[in-house]
């Protein structure tokens with residue numbers, strides 16, 4: 001039940017963050033918005049750890065793991081995806097990011113020696129095909145003659161970086177570090193990387209006075225980062241990087257459901273067929289028996 005709750009929690013939260021991110025665009029450079037987001041999330045986690053008496057002092061080797069994860073999972077991957085959205089429609093971005101399920105299977109096999117489960121591979125394939133049907137109109141407008149290729153490259157690189165971050169979290173060295181302190185330090189390092197990227201881009205920090213910007217920032221920081229990433233990293237230790245990454249297929253469906261009510265998204269026959277395939281892929285993934293041993297330290301910290 002805990003695994004199902006964590007999976008659904010991540011899918012529902014991250015599926016709704018797409019709309020919240022739209023409210024972030026316009027005034028504040030995306031690099032600074034990301035720095036604000038992960039900086040706030042880090043402060044919240046450090047405060048929680050201090051209040052609960054959690055250990056916050058770690059070895060230089062542990063900090064190396066947290067810094068590397070912060071770069072891959074809380075900074076560079078987001079920046080790449082954001083840059084890709086400048087050249088691609090949201091549907092193409094979603095399809096590109098859904099390849100995380102395949103990348104995690106491959107990287108899990110290469111770096112973690114995790115066995116490739118046919119059912120997980122099948123569920124990922126079914127899910128991606130379903131997304132391609134849902135976003136068929138946007139995919140049909142993809143062209144090699146414009147900047148779409150650049151956007152696709154950015155998104156795929158961002159997805160690969162996220163997959164490497166997922167794989168790092170699956171290593172024994174990282175599993176030995178308590179979850180919430182690990183997230184606190186990792187997000188702090190991610191925010192610092194975002195500040196460096198912003199400085200090199202020459203973009204000055206500005207503030208957006210709109211209430212919707214600050215509301216979305218708090219939503220992204222608390223639910224989209226503190227809660228969702230804590231659930232997700234715990235989930236990685238329970239079911240493995242391959243199965244956990246299927247949420248990259250599920251979150252766009254939730255995002256479209258939100259868009260249906262907030263932005264008037266129209267469900268076509270191919271889109272409905274694609275949704276059915278995504279659900280089938282999810283059923284195939286859930287019905288496979290978990291063979292990954294739970295990570296006791298992580299599970300205890302997530303409680």
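Summary of computed values
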read-out	value
Residue satisfying condition, being exposed (fewer than 14 other Cβ atoms within 10 Å of the Cβ) and at pLDDT 90 or above, within set 272, 222	272
Flag if residue 42 is farther than 23 Å from residue 262 by Cβ and in contact (Cβ under 8 Å) with a residue 40 or more places away in the chain	yes
Residues being within 14 Å of the chain's Cα centre (by Cα) and modelled with pLDDT under 90 - total across the range 71-88	1
Verdict on residue 82 being closer than 24 Å to residue 175 by Cβ and in contact with a helix residue (DSSP H, G or I) (Cβ under 7 Å, 6 or more places away or on another chain)	no
Residue 61 vs. criteria modelled with pLDDT of 95 or more and surrounded by fewer than 16 Cβ atoms within 10 Å (Cβ to Cβ)	yes
Top-ranked residue in the range 1-31 [being in contact (Cβ under 8 Å) with a residue 12 or more places away in the chain and not in a helix (DSSP H, G or I); ranked as nearest to residue 253 (Cα to Cα)]	23
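Here's the yes/no breakdown for (1) touching a strand residue (DSSP E or B) at 6+ places or on another chain (Cβ under 7 Å); (2) exposed (fewer than 15 other Cβ atoms within 10 Å of the Cβ); (3) at pLDDT below 95; (4) over 25 Å from residue 240 (Cβ atoms):
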site: 42; (1), (2), (3), (4): no, no, no, yes
site: 69; (1), (2), (3), (4): no, no, no, no
site: 90; (1), (2), (3), (4): no, no, yes, yes
site: 115; (1), (2), (3), (4): no, yes, yes, no
site: 128; (1), (2), (3), (4): no, no, yes, no
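The values are calculated or read from the model by the stated rules, or taken from the named source; none is laboratory data. Worth saying up front: this structure is predicted, and the values here are computed from it rather than measured. Heads up, the Cβs are rebuilt from the backbone with ideal geometry, glycines too, and the neighbour counts pull from every protein chain shown.
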